[in-house]
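Some notes on the structure that comes next.
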Amino acid sequence: MTADSTVSSSTAAPGAEYAETASAAYRAALEVIESVEPRVAAATRKELADQRDSLKLIASENYASPAVLLTMGTWFSDKYAEGTVGHRFYAACQNVDTVEALAAEHARELFGAPYAYAQPHSGIDANLVAYWAILATRVEAPGLAELGAKHVNDLSEADWEKLRAKLGNQRLLGMSLDTGGHLTHGFRPNISGKMFHQRQYGTDPATGFIDYDAVAAAAREFKPLVLVAGYSAYPRRVNFAKMREIADEVGATLMVDMAHFAGLVAGKVFTGDEDPVPHAHVTTTTTHKSLRGPRGGLVLATEEYAPAVDKGCPMVLGGPLSHVMAAKAVALAEARRPEFRSYAQAVADNAQALADGFLKRDGALVTGGTDNHLVLLDVTSFGLTGRQAESALLDAGIVTNRNAVPADPNGAWYTSGIRLGTPALTTRGFGADDFDRVAELVVDVLKNTQPQGTSKAKYTLADGTAERVHSAAAELLAANPLYPGLTL
Ligand code: DSN
């Protein structure tokens, strides 16, 4: 951390206090792995070295604590536990019950949710559980009641076919991919766009911000069963109270996917109308992005939707990953500590510093800035596609990902943007001044990158650029070490 950084030591990532013990644990584990497949041990060591040596700006990545990571390498991985806490289809699940119940309890307390479900293996699984819980609650249950049946197995084949047709003919309205929505929000190539009759809302072409009147008009016209809010590449906050008003007006269920910004909700940076949990009927998230936990998913729900969400397995999911649920419990316990609030605030402050760093160097940002954890840099002002910019930055040790901008002329593969997020480097201790320097380095690379002819992928990086930026980045990285005190 630099001396004049705005990040106080209270934002430091958990782990330094037990680094010596964690080092011994990792050394022992790698020795054991090495005795069976040395190439895996070598790749594992190299992964840590590579992560330590690069400026990780991927907005959806972070660095989980050694406690979280170590929790995943246990015998919980060997256990089947289909069903739910206290109601399993397998015997001897008492310890899985303990960790799953703890994960759910921490999630309920952290987010103020009536109910939490810790089994989804990923974000898409969490969204599928949510969608099918909404369909089960709003279509299947009333359909069964109308037919005087208690269970789908009690229906005749003809009645079941009618009910299945109804389940498959419902409407979903979500944010379009090019304006920052996620592919699980009704994108046709994804299952969400196939199982629902879908329509998408976008952003105001003039400002790049969500236009709530336009969302309301689309909802009135389309009358969706599900209104999805949330994003993976929108650099602004969302007013979830307004989204709920729109959903209520048209009789839709509001589902919020907070996968990207769950850490800012947990850390109380997003409160009131910007906190989705009190407003949504169902809220989904991943646990590994700004929340800084293990790779996995989580669903929060109101009492009305809880019974259907609780049937996520066997409805949608296979056997839960009990070792990951245990790690979710550890990560959520960390997120309930006061230090996590300082971390979350630093993530948002650092994104502001990164945006300001681009704007003062003539970088063009979608929406003109940020008020969450990410910025979307339109690289066409440098004469580049997103693909060229992403590759050139990687040559200089800066890890970003290309991303579409609204109405992207280069499509979703080449794109015109670069998405950059602050959660990971903030975990390393980067402060506002460090992020200003990061913006300077990114601009240095992009200004020194030339497209080759008409290719959307090929480029030339001016001699010396990669070396210059690498060595400047190395200074920043050395001042903010990843997993300080951890030696293999
Ligand atoms: N891959 C995640 C992201 O980068 O936003 C979402 O699926």
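Summary table below
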quantity	calculated
Normalised alpha carbon radius of gyration of region 345-439 [divisor 2.2 N^0.38 Å]	1.02
The chain: radius of gyration over Cα atoms, expressed as a fraction of 2.2 N^0.38 Å	1.00
Contour excess over end-to-end distance, with Cα ends at A412 and E475 and 0.36 nm allotted per residue	19.3 nm
Global form of region 202-297, assessed from the alpha-carbon gyration tensor, a/c cut-off 1.5	prolate
Region 367-463 - percent relative contact order, Cα under 8 Å, separation 6 or more	31 percent
Cut-off under 5 Å, modelled amide H: who pairs with E82 long-range	F89, Y90
As computed over region 438-483, the Cα convex hull volume per residue (Å³)	89 Å³
Y63, Y117, Y459, Y90 arranged by Cβ crowding within 10 Å, fewest neighbours leading	Y90, Y459, Y63, Y117
Rg/Rh (Cα only; Kirkwood hydrodynamic radius) as it applies to region 150-242	1.11
R0 of 35 Å, Cβ-Cβ distance N239-R108: FRET efficiency to nearest 0.05	0.90
Farthest toward positive dipole pole in region 338-434 [+1 Lys/Arg, -1 Asp/Glu at C-beta], among A353, T370, V405	V405
Within the chain: Cβ-based charge dipole about Cα centre, in debye rounded to nearest 20 (Lys, Arg +1; Asp, Glu -1)	680 debye
Protection proxy ranking, peptides 348-356, 442-450, average beta carbon neighbours within 10 Å, highest first	348-356, 442-450
Calculated on alpha-carbon atoms, Rg and Dmax of region 238-284 in Å	10.3, 32
Highest-first arrangement of 469-481, 178-190, where packing means the average Cβ count within 10 Å	178-190, 469-481
Residue order, fewest to most surrounding Cβ atoms within 10 angstrom, among W75, W132, W413	W75, W413, W132
Computed [θ] at 222 nm, helices only, for the chain once each DSSP H run of length n ≥ 4 contributes -39500 (n - 2.57)	-13000 deg cm²/dmol
For L365, distant residues with modelled amide H under 5 Å away	D378
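No lab work stands behind these numbers, since they all come straight from the coordinates. The structure displayed is predicted, hence computed values, not measured ones. Don't worry about glycine lacking a Cβ; one is built from the backbone with ideal geometry, like all the others, and counts go over all protein chains shown.
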